[in-house]
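Here the structure is laid out as structure tokens; the discussion comes afterwards.
The values are calculated or read from the model by the stated rules, or taken from the named source; none is laboratory data. What you see is a predicted model; the values in this text were computed from it and never measured. As a convention, Cβ positions derive from the backbone with ideal geometry for all residues, glycine included, and neighbour counts pool all protein chains shown. The accessibility values were calculated without ligands, DNA or RNA, using every heavy atom of the protein model including side chains. Shrake-Rupley method; radii C 1.70, N 1.55, O 1.52, S 1.80 Å.
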Amino acid sequence: MPTGVHLRDARQQLFDAAERVLLRDGPNGLTSRAVTDEAGCAKGVLHRHFSDFDGFLAELVLDRAAQLEAQATVLSEAVGTGTVAANLTDALTTLFGPVPVAIIPLITFRDELRARLREARPGGGIAILAQAATAVSAYLAAEREIGRIAAGADIDSLTLSLVGGGHLLYADRDPGPPATAVVRTFVTAVVADAVRRRPG
């Protein structure tokens, strides 16, 4: 009986295969068999590298969440440049890309996965959304520090509005994500009262 191809970087290839299955078939289609079939390897390969399927999914989510930290860096480097609304629009477009948006319902509907993630991230919050909130909050605070956001602006409320509303904009959309102009209009409305207008 064939055992499939040998995977040089098995963990990463299994993560990539799971991502493809998730984007194509949704959370319900993401099974260990679907992942190993997509990766072209024997089912035992997954269990050789992970304790069980929920352990695999937890590491997948943490891996993809960590990738969002790169976007947090990009956003932090944008402080003081361009406009606040444009920077946040760009950030939300990346933070709520196809993979992060597909992962959120996976976390929501798998109790054991949520339990594993709570163990790995004791601070709480849903992975992906938590990364987005941290990035946006830090950016807004930095912009407030240099005076481009009003000193009295409620950063927590702005963050909640941007991340929660941003997720709703991107979630469960057919045939695809919202147009950039739609996201910009939303972001502009949320931050309108907080953004300091420059004279002239």
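Quick notes on this one:
- Dipole magnitude for segment 72-138: computed about the Cα centre from +1 point charges on Lys and Arg Cβ and -1 point charges on Asp and Glu Cβ, it is near 220 debye.
- In the full protein context, the chain carries 53 Å² of accessible surface per residue, based on a 1.4 Å probe and ignoring ligands, DNA and RNA.
- Cα lying deepest toward the dipole's positive end in segment 4-108, options A86, H47, P27, charges on Cβ: H47
- A Förster radius of 30 Å, combined with the Cβ-Cβ distance separating A181 from V99, puts the computed FRET efficiency at roughly 0.85.
- When both segment 93-147 and segment 48-74 are represented by their alpha-carbon centers, they are found 12 Å apart.
- Electrostatic dipole magnitude of the chain [Cβ: Lys, Arg +1; Asp, Glu -1; Cα centre; debye, to 20]: 220
- Principal-axis tilt of helix 98-109 within the chain, Cα atoms, nearest 10 degrees: 70
- Cβ-Cβ FRET estimate between D154 and L23, R0 fixed at 41 Å, reported to 0.05: 0.70
- Unit charges at the beta carbon, dipole of the chain: most positive-side option, A189, T108, V136: A189
- Fully extending the segment from Q67 to R48, taken as 0.36 nm per residue of separation minus the present Cα-Cα distance, adds 4.4 nm.
- Per-residue extension of 0.36 nm, minus the Cα-Cα distance of A142 and A120, leaves a gain of 5.1 nm for this segment.
- Most fluctuating residue given options S51, S137, S76, as computed from a GNM of the chain linking Cα atoms under 10 Å: S51
- Taking the empirical scaling 2.2 N^0.38 Å for compact globular proteins as reference, segment 29-179 has a Cα radius of gyration ratio of 1.19.
- Relative contact order (%) - the chain, alpha-carbon pairs under 8 angstrom, separation at least six: 21
- Whole-percent carbon and sulfur share, accessible surface of segment 92-192, 1.4 Å: 58
- A simple rule links phi to the HN-Hα coupling: the Karplus curve 6.51 cos²θ - 1.76 cosθ + 1.60 with θ = phi - 60°, which for segment 44-57 gives x, 4, 4, 6, 6, 9, 9, 4, 6, 5, 5, x, 4, 5 Hz, with x for Gly and Pro.
- Sites R11 and T108, calculated FRET efficiency, Cβ-Cβ separation with R0 25 Å, nearest 0.05: 0.55
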